[in-house]
1. Name the one entry in LEU25, LEU12, LEU45, LEU68 that is exposed (fewer than 11 other Cβ atoms within 10 Å of the Cβ), of a type outside the set (Lys, Arg) and assigned to a helix (DSSP H, G or I).
2. For region 53-65, what are the residues that are under 14 Å from LEU12 (Cα atoms) and either open to solvent by 100 Å² or more (accessible area, probe 1.4 Å) or in contact (Cβ under 8 Å) with a residue 12 or more places away in the chain (or both)?
3. Would you tally the residues in region 28-40 being part of a helix (DSSP H, G or I) and open to solvent by 80 Å² or more (accessible area, probe 1.4 Å)?
Amino acid sequence: MHEPLINQPGVLRALLSDSGYLTDLQRTCKSPEEWLKREQNVKYLLDDFQASHDQHGKDLSEWLDAMLLRHEREEEK
């Protein structure tokens, strides 16, 4: 595994903030409840990536691969 040159979780959080993604996401929601659920989902994913990065040194690509594998396993159940 290579040593990351940047704090990828921090960069991802900044990208979502600076791009206005969450603001745009909020505008597409039909209710405050829908927005809250979507916001919580995004925060969960960011927190999960941060924990994976901190605990196991996974970069974004490795984390996405693990998420895809986890999703595929859940679908098989």
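The values are calculated or read from the model by the stated rules, or taken from the named source; none is laboratory data. Small disclaimer: the values here were computed from a predicted structure and weren't measured. Backbone-built Cβ (ideal geometry, glycine too); neighbour counts: all protein chains shown. Side chains included, ligands, DNA and RNA excluded: accessible areas come from the protein's heavy atoms. Shrake-Rupley method; radii C 1.70, N 1.55, O 1.52, S 1.80 Å.
1. Working: LEU25 fails: exposed (fewer than 11 other Cβ atoms within 10 Å of the Cβ); LEU12 fails: exposed (fewer than 11 other Cβ atoms within 10 Å of the Cβ); LEU45 fails: exposed (fewer than 11 other Cβ atoms within 10 Å of the Cβ).
One residue alone meets the criteria, LEU68.
2. Correct list: HIS53, ASP59, LEU60, TRP63.
3. Taking region 28-40 first, the residues part of a helix (DSSP H, G or I) are 28, 32-40.
The next check asks that each one be open to solvent by 80 Å² or more (accessible area, probe 1.4 Å); those that pass are 28, 32-33, 36-38, 40.
So the answer is 7.
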